[in-house]
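Read-outs: derived from the displayed coordinates by stated rules, not from any lab. From a predicted model like this one, the values you see are computed outputs, not experimental measurements. Note that we place each Cβ from the backbone using ideal geometry, even for glycine, and neighbour counts take in every protein chain shown.
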Amino acid sequence: MEENMNITKNLDGIDVIFRKAVVNENSTNYRVDERSFILKKGSTHREGGMPLQSDVLVERDVAVTLRDGVKIRADIYRPVAEGQYPAIIGWSPYGKRGSFLNNDLFGHPTRMDVPVAWEDGLNKFEAPTPAYWVAHGYVIIAPDSRGAGNSEGDIHAWGRQEPEDEYDLIEWAGQQPWSSGKIGLTGNSMLAMSQWFVAALRPPHLAAIAPWEGAADIYRDSNCRGGIPDIIFSEGIFGRLAGHGLVEDIPAMSATHPLLDDYWKAKVPVLENIDVPAYVVASWTNLLHTGGTFRGWSSISSTEKWLRVNNTHEWTDYFNPENVDDLRRFFDRFLKDIDNGWEATPRVRLSVMDPGNRDTVNRSEVAFPLKRQVTKALHLGLKDGKPVLSHESQTEAASLSYDVADKEGVSFFITFNELTELTGSFNLKLWVEADGNDDMDLFAFVRKRDSNGTVQECHVVTDRTHVGPNGRLRVSLRATDPERSTELEPFLPYDTPAKLKAGEIVPIEIGFWPYGIRWQPGETLELVITGTDLLIRPEFPQLPPIPTLNKGRHIIHFGGEYGSKLLVPFIPGV
């Protein structure tokens, strides 16, 4: 019982809840194993895995002392030949070996479309494969962050401590005898999120970053998107982190800090401080990272930055050999100073989803958002008694409602007569009323129906799909900041709740994360408004929808004085 008790520590003036880390005595990562050895070219380190493409010198559990005296441990993989090489770091608390997270975990028939042969059995979860990178003249550093595995201290989640620790590791690596002095960062998900934070501190030896789908605002992007806490997913991660000390209890902090207060503000990197070359990868379909990745791309100050938007899953894309080769060209340019023509790479490469048809992949663009984007309004209304979306607003006020137990809510439709592409952010402006409650958790989705009326969802990986563009909002947190908002991207402070009164009808804005999707002639756009999250995590399809505070009925007002409409990013000339 005592092991599960929460412990509160004051960090930078904020009381932060910690819990005991998981004890994992069976993991090879839980015991210090300081030794060096050589793995031979052609050897394999998991059944069916990628063979080593060269001999690899392994230094296991190397101790790195941080500025406060705490020692973290890292496994280092480097070429056998003496010389000075650039190093690549993948930072996370998941375990540098023997992690509880791996692509075999998810019970998916094709390992989330990541063939075993794309990994080497040495790589950390969501991190680069030493078999490939060492053969191409790079050092791979796989650290356990503070408190993880057999690193000393307690596990911290972003904020001040973690990026300072990664800064110290970068500077240590840049000064080793085997180092060329140039350090790069790569990895996806949490390993991408950490890059925004540490790159904003500008470590002198950091030469390039490659964040592959990483949230950039913990509250807005992952834990409380739309002001609605999502504790189920974070519990599945933070409740399983292994170490000898404590773990910052993000689920407990989400429950006790539902507003965007100083605790969460300290977990937002100063993206504008980032000025190193960056290869940023995003997707439209990521439930955690899409919004933050695009915001990171737009906000960083780097003049040498590239964006690629894929049409699949983060792990599938990250380990795909074609993309690994592409990333190496980027690192060869900025970590090795090889004049390889990388600068000719289009600054933006987009995918456009076309469920039921063929997606477009790697379309070259000069910027994102697209310069030719035109905002169009689709007004909610009724035609012959049926809910529709139209280019003209209706003059008479009307409303539709649904019981919050009905997960389908209400839908509005428009059929396109010509090929139509919507690529960018969406903004749903509604007038709403709660019947039987003083608040509402609203979820909105744009989904596609083919000419037969059948729903067509976007393919992510085998047997996993994504509904389409979407957003959410806890209505009591509806206030916007006009100075930081744009037409398609409302900015909400999420700091001052305003509960609803009985019979009160209020305007709200639900911003959708960016999306690129296309409709063929005769296909229909359906706008779904509901009190239930319809998104299903491709990695964890068994997870239930996130809990809400909904009860009673939701009433959607439109027409007349209630100018409810969906603002869409129309792309002309497709």
> Long-range amide H contacts for V139: which residues qualify at under 5 Å (H placed 1.01 Å from N, peptide plane, sequence gap of 5 or more or a different chain)?
Replying inline: A87, I88
> Do any trypsin sites (Lys or Arg not before Pro) in the range 1-55 lie in a DSSP loop with no more than 15 other beta carbon atoms within 10 Å, and if so, which?
Replying inline: R31, K40, K41, R46
>> When the expected Rg is taken as 2.2 N^0.38 Å, what fraction or multiple of it is the alpha-carbon Rg of the range 260-403?
In response: 1.42
>> Counting other C-beta atoms within 10 Å, and keeping those with at most 16, which DSSP coil trypsin sites (Lys or Arg not before Pro) do you find in the range 398-448?
In response: K407
> What are the principal axis extents of the Cα atoms in the range 154-247, in Å, biggest first?
Replying inline: 47, 31, 20
> Among bridges DSSP assigns within the chain, what percent are antiparallel (round to 5)?
Replying inline: 75 percent
> Could you state the principal axis extents of the C-alpha atoms in the chain, from the largest down, to the nearest angstrom?
Replying inline: 78, 55, 43
>> For L389, what residues show an amide H to amide H distance below 5 Å, using hydrogens built from the backbone and excluding near sequence neighbours?
In response: F413, I414
> Can you give the alpha-carbon Rg of the range 353-481 over 2.2 N^0.38 Å, where N counts its residues?
Replying inline: 1.22
>> Under 22 Å between alpha carbons: how many lysine pairs meet that in the range 407-544, if sequence neighbours fewer than 8 apart on the same chain are excluded?
In response: 5
>> Give the average over all directions of the projected area of the C-alpha convex hull of the range 168-211, one decimal, in nm².
In response: 2.8 nm²
>> Once the convex hull of the alpha carbons of the range 374-570 is built, what does its volume come to per residue, in cubic angstrom?
In response: 133 Å³
> Along the three principal axes, how long is the range 237-305 when you take its alpha carbons, biggest first, rounded to the nearest angstrom?
Replying inline: 40, 27, 26
>> Can you pull out the GluC sites (Glu not before Pro) in the range 464-543 whose DSSP state is coil and whose Cβ has at most 14 other Cβ atoms within 10 Å?
In response: E483, E487, E504
> Can you list the HN-Hα couplings for the range 141-156, worked out from phi with the Karplus curve (6.51, -1.76, 1.60; θ = phi - 60°), rounded to whole Hz and with x for Gly and Pro?
Replying inline: 10, 10, x, 9, 5, 2, x, 8, x, 10, 6, 6, x, 10, 6, 10
